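The values are calculated or read from the model by the stated rules, or taken from the named source; none is laboratory data. Predicted model, so just to flag it, every value in this text is computed and none were measured. Cβ placement follows ideal geometry from the backbone for every residue including glycine, while neighbour counts extend to all protein chains displayed.
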Amino acid sequence: MTRVVVMGGGVAGHTAATFLKKWLGDAHEVIVVTPNSHWNWIPSNIWVGVGRMNKEQVLFPLAPIYAKAGIDYRQSKALSIHPEGDEQHEKPFITIEYTGQNKEGQSEELEYDYLINATGPKLNFGATPGLGKGSQIGEHTVSVCTADHALHASRELQEIFNKARRGEKQKILVGTGHGTCTCQGAAFEYILNIEHEARKAGIRDKVDIKWISNEPYLGDFGMDGMHLGSMGYVMSAKLLGESLFAERGIHWLLDAHVNEVQEGKLSYEQIDGSEGEEAFDFAMLIPPFSGVGLKAYDKAGEEITDKLFLPNGFMKVDADYSAKPYAEWKASDWPVTYHNPDYGNIFAAGIAFAPPHPISKPRKSPNGTMITPMPPRTGMPSGTIGKAVAHSIKNLILNGEHGPLRSASMAEMGAICVASAGTGFKAGQAISFTVYPIVKDFEKYPGTGRDTGRTYGEIGVSGHWIKYLLHHIFIYKAKLHPGWTLIPE
Amino acid sequence: MSIIKEELNFADPQFETTMIPGKFQRAMRHCILWQFIRMVFFGFRSIGIILLNRRNERDIPV
Ligand SMILES: Cc1cc2nc3c(=O)[nH]c(=O)nc-3n(C[C@H](O)[C@H](O)[C@H](O)COP(=O)(O)OP(=O)(O)OC[C@H]3O[C@@H](n4cnc5c(N)ncnc54)[C@H](O)[C@@H]3O)c2cc1C
């Protein structure tokens, strides 16, 4: 019996574990190690953050789902990887520390034959003074990265709206809290939803809403922007983003690295080295992401973390990590099968794998501060990579060491995204777009780096309906209801 | 003559070079029938991307 251990029960890990169990059946063991007791449909946190959904609508407990699937679920966090075993263990193993199941604080060593690292991001609030400590959010700003954060954000937002109703002018700031953030899309959705709610509440004239981000231009999204076909035109996401903000009277401040947050104000540095301050009554700032801080040790117990991970904590896979200038970046730098080059039985999926470099142009201020959006790894690629990794491991188990491995390069993968701009069956809006490929390939598409026939976007209430449907479809799939395997990632 | 309130935003230098939907476009964004058609259209586009992703998947011998 072969044992596969999946670290992380989010989008990538849950997809990988559930497919593996379905394909391998009871002949082999699948264990999920994840600290969370509930699965979170993270994209809908935006709606929790404006009070349009409650927390329970975006969460469901994992234990019954894994019990039904026959997956061994350990509510715990992985701490270290020992890919060569040690004196006591012939086999490779990981150490875990329980966070639930009445074993809180207890540690365990878990041997594996194959290991998937799908631990997602550490929300690195601590990288910006005043934004938080370590992965804990501070008290000056809010976040929508987890369901709890979003609920807190929603309560704070209601306070701001109540003050606005009383005629007090309020200032709302939304964006990124560091020069190397990714996930601008989530902040973009949140600012549009806040604006939508403020208009619905009749207090739009009382709230000044402003965007602050590390992007060089609106619509960069850490993807070096995009050019979208739309209703017979091809237009830049910059024009689309700016137009959406102009229509809604939202101002923007770009190229900004937030270097400190205090009560009611933040200071920032821009790409030209200039510094400034922004005051706010309410701020939602996405933190930078890093790896979750797993350590690795060899057979003798010597630390080999740098063999498995890049300094940012993300896991090394089959990418080309050699340092080279933007002009030499190629689609082929991106990983294809997501296995660790030194340990072929370890894979990384979703946000946990280390990208070879950003997609957006790297930029530094004259003071040497990096102000460059990092590449997003959204739900669709995370799920697709999770499934491809599961496929590879299934092949290795059933066919022997020659596999084959399944490819899922982000440079050969398209993504479907729906960015909410407000809720409501008739009044809601969202921008529905498709991007192909996610990572630009200037050799194949010398104009914009992408196929503009397949990179497409439009805004309307239909986008909201799609986003709402996706909420239900993906929760249905994650709960493994009948036909779940037919629903694409 | 009725004006579109948002067009006043063009006076702001940050918004000057953008585009703002006119009345017709604004109505179409919320027209149930048209938006249903757009949803179906986007559904087909999405299926195209999913099929393309599947086609691009390769098996690579170790
Ligand atoms: C507010 C918001 C809105 C978003 N909206 C969209 C959207 O509309 N569309 C879209 O495609 N994407 C969206 N995304 C991005 C999407 O959520 C991510 O791409 C996706 O969750 C990444 O999947 P993942 O499995 O890599 O990480 P996650 O889903 O974060 O899962 C990581 C898992 O690992 C667990 N873990 C952490 N540490 C450990 C450890 N030490 N040991 C074991 N397990 C550990 C975590 O508890 C978690 O369960 C959004 C993100 C945010 C924050």
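A few notes on this one:
- For the criterion of being more than 12 Å from the ligand (Cβ to nearest atom), at positive phi and either modelled with pLDDT of 95 or more or within 13 Å of chain B (Cβ to nearest Cβ) (or both), residue A:424 passes.
- Applying the condition of being part of a helix (DSSP H, G or I) and more than 13 Å from the ligand (Cβ to nearest atom) to region A:126-151 and asking which residue is farthest from residue A:39 (Cα to Cα) yields A:127.
- Pairing residues of region A:382-397 that are in contact (Cβ under 8 Å) with a residue 24 or more places away in the chain with residues that are of a type in the set (S, T, N, Q) and assigned to a helix (DSSP H, G or I), at Cβ distances under 6 Å and at least 6 apart in sequence or on separate chains, gives A:383/A:15; A:386/A:15; A:387/A:15.
- Residue A:363 meets the conditions (1) away from the ligand (no atom under 16 Å from the Cβ); (2) away from chain B (no Cβ under 14 Å); (3) in contact with a helix residue (DSSP H, G or I) (Cβ under 8 Å, 6 or more places away or on another chain) in every case but one. The failed one is (3).
- Residue match in region A:9-29 (condition: part of a strand (DSSP E or B) and either closer than 28 Å to residue A:391 by Cβ or touching a Lys or Arg at 6+ places or on another chain (Cβ under 7 Å) (or both)): yes
- Search result, residues across region A:471-489 that are within 14 Å of chain B (Cβ to nearest Cβ) and within 26 Å of residue A:222 (Cα to Cα): A:474, A:488, A:489
- Residue list for region A:166-189, filter: surrounded by fewer than 20 Cβ atoms within 10 Å (Cβ to Cβ) and either within 15 Å of the ligand (Cβ to nearest atom) or within 14 Å of chain B (Cβ to nearest Cβ) (or both): A:185
- Exactly one residue out of B:28, B:1, B:19 is at pLDDT below 95 and out of contact with any Ser or Thr (no Cβ under 9 Å at 6 or more places or on another chain), and it is B:1.
- When A:218, A:192 are screened for being surrounded by 23 or more Cβ atoms within 10 Å (Cβ to Cβ), more than 16 Å from the ligand (Cβ to nearest atom), of a type in the set (A, V, I, L, M) and within 14 Å of chain B (Cβ to nearest Cβ), only A:218 passes.
- Checking every residue in region A:196-208 against the condition of being at pLDDT 95 or above, surrounded by fewer than 24 Cβ atoms within 10 Å (Cβ to Cβ), among the acidic types (Asp, Glu) and under 30 Å from residue A:368 (Cα atoms) gives zero matches.
- Residue count, region A:330-343 (criterion: more than 14 Å from every other protein chain (Cβ to nearest Cβ) and outside any loop (DSSP other than H, G, I, E, B)): 1
- Total residues in region A:384-416, condition within 10 Å of chain B (Cβ to nearest Cβ), within 16 Å of the ligand (Cβ to nearest atom) and either out of contact with any Leu (no Cβ under 9 Å at 6 or more places or on another chain) or hydrophobic (A, V, I, L, M, F, W, C) (or both): 7
- All positions within region A:29-47 that are more than 9 Å from the ligand (Cβ to nearest atom) and surrounded by 24 or more Cβ atoms within 10 Å (Cβ to Cβ): A:30, A:47
- Residues that are among the polar types (S, T, N, Q), in a helix (DSSP H, G or I) and surrounded by 16 or more Cβ atoms within 10 Å (Cβ to Cβ) within region B:5-37 comprise B:9, B:35, listed in sequence order.
- Pairs where the first residue, in region A:453-470, is more than 7 Å from chain B (Cβ to nearest Cβ) and the second is assigned to a helix (DSSP H, G or I), C-beta under 8 Å, 6+ apart: A:457/A:237; A:457/A:240; A:463/B:42; A:467/A:43; A:470/A:43
- Region A:288-313, residues that are under 26 Å from residue A:185 (Cα atoms) and in contact (Cβ under 8 Å) with a residue 12 or more places away in the chain: A:288, A:289, A:290, A:291, A:292, A:293, A:310, A:312, A:313
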